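Reviewing the structure listed below.
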Amino acid sequence: MSQQLTTALECLDTAMKQLQRATLDIPYRREGFKADHNTFVRSVAELRTKLSYSRSQLEPASVRRRRKGPRK
């Protein structure tokens with residue numbers, strides 16, 4: 001499951017880079033585009049951060065135990 005998350009994050013990064021290249025010629029102040037763009041980018045960044053932090057929860061229990069030490 002962690003590998004699927006890694007793949008999804010890589011695809012998200014690729015899509016955001018494509019969006020950045022595609023919007024280079026668009027005037028930012030036209031019809032509220034800048035506000036919409038900033039809102040979208042912030043929400044994607046928040047999603048990416050939360051997904052990245054959730055990676056540890058998707059690892060098998062045996063891997064998590066080895067990192068934290070034995071349970072008491």
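The values are calculated or read from the model by the stated rules, or taken from the named source; none is laboratory data. Since this is a predicted model, take the numbers as computed values, not measurements. Note that we place each Cβ from the backbone using ideal geometry, even for glycine, and neighbour counts take in every protein chain shown.
Restricting attention to segment 38-63, and to residues there that are surrounded by fewer than 12 Cβ atoms within 10 Å (Cβ to Cβ) and basic (Lys, Arg), which single residue is modelled with the lowest pLDDT? That would be Lys50. Residue pairs whose Cβ atoms lie under 8 Å apart, separated by 6 or more positions or on different chains, with the first residue in segment 12-36 and more than 19 Å from Leu51 (Cβ to Cβ) and the second outside any helix (DSSP H, G or I), are Phe33/Ile26; Phe33/Pro27; Lys34/Tyr28.
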